[in-house]
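The values are calculated or read from the model by the stated rules, or taken from the named source; none is laboratory data. Predicted model, so just to flag it, every value in this text is computed and none were measured. Neighbour counts run over all protein chains shown; Cβ positions are idealised from the backbone, glycine included. Please note that ligands, DNA and RNA were not included when accessible areas were found on the heavy atoms of the full protein model with its side chains. Shrake-Rupley method; radii C 1.70, N 1.55, O 1.52, S 1.80 Å.
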Amino acid sequence: MYTPEFDYHKAGSVAEAIALLISHDDARLLAGGHSLLPLMRLRLARPSTLIDIGGLGDLKSISVHGDAIRIGALTTHGEIAASHDVRHANSLLAEVAGGIGDPQVRNRGTIGGNIAHADPASDWGTVLTALEASVEVQGANGSRTVAIGDFFQGPFATAVGENEIITAVTVPTLTHHEHDTGHGHGHGHDEHGHDDHGHGHEHDHGGGGLAALHGEVGEYAKMSHPASFYPVVGGAVIVNVENSRCVSARVAVGGLVPTPVRARAVEAALTGQELTADNIAAAVNHLADDLGAAIIGDVFASAEYRRVVAPVEVKHALFHAIGLAHH
């Protein structure tokens, strides 16, 4: 199906794009187009004007300063996945970016466009929530920073104002500590090698812990739809560990709820505990306390199925993060 008719403008700067948004009612920004154009072809979106910001080089950048990584809004998933700076500072970001969609999506889709779309079935929403990222937004009155916990306001709804543009995403680095498993400090895990239950095979070390695990580790695990690779359920974890004991944890789940959810009860149950398989399993059982009743059911999976799978994905992410299981 063809898109409805629309006017087209190509912005030469962020300021010009904001001015065009202000002067045109019902205008939408166009970057990679992987979210907006399909909606227009299905007549689910009918903007009267498209403002193309795809050529704004100022929004295509990756830089690391101290303990923060700043990623321009128009940086593609593929560029994030291939970035040496990202892999060195927070390899979880690179691994997640490399597992989004297919090569066409990774080469055209942008991190800014992805989070602006605010699809509940989005890898970035869940991972950035666990990482406690922030989003830079610019409008006629200047720039402001929105914490990721305040950014997603509902399915396909964000804190971005009517005439504002996302300019960058800032993400903390992960500390670099090696431990005796040889497992890296940040990894993404996409469950493509399925067993009868749809999960990847893993080597579980039983109830034992790891003798010399130190530092900050991160992991993302998801149950993907086989055609789109969108997560039916995804879980992201960041764990700070000393002597194989959890000092602090950040856990987020997505795909099954209208917006990414921090699993505070799971985080509290992990903190102070030795990271054994048994202790992790017990902590993950608290996830039901965090999810509430707003679970999504659709043609891909029922709400009840998602509720059952969510703690399994969080457990997988924790096991892989600390080396109790391997891909």
Among (1) assigned to a loop (DSSP other than H, G, I, E, B); (2) modelled with pLDDT under 95 - the single one Val160 does not satisfy
(2)
Flag if Ile111 is closer than 14 Å to Leu131 by Cβ and either under 13 Å from the mean Cα position of the chain (by Cα) or open to solvent by 50 Å² or more (accessible area, probe 1.4 Å) (or both)
yes
What are the residue pairs meeting all of these: first residue in the stretch 122-148, first residue closer than 15 Å to Asn90 by Cβ, second residue polar (S, T, N, Q) and surrounded by fewer than 23 Cβ atoms within 10 Å (Cβ to Cβ), Cβ atoms under 8 Å, and 6 or more apart or on different chains?
Ala133/Thr170; Ser134/Thr145; Ser134/Thr170; Ile148/Ser134
Among the residues of the stretch 77-84, is any in contact (Cβ under 8 Å) with a residue 24 or more places away in the chain, among the polar types (S, T, N, Q) and not in a strand (DSSP E or B)?
no
Out of all the residues in the stretch 233-250, which are open to solvent by 10 Å² or more (accessible area, probe 1.4 Å) and of a type in the set (S, T, N, Q)?
Asn240, Asn243, Ser248
Would you check if Ala301 is out of contact with any Lys or Arg (no Cβ under 7 Å at 6 or more places or on another chain), modelled with pLDDT under 95 and hydrophobic (A, V, I, L, M, F, W, C)?
yes
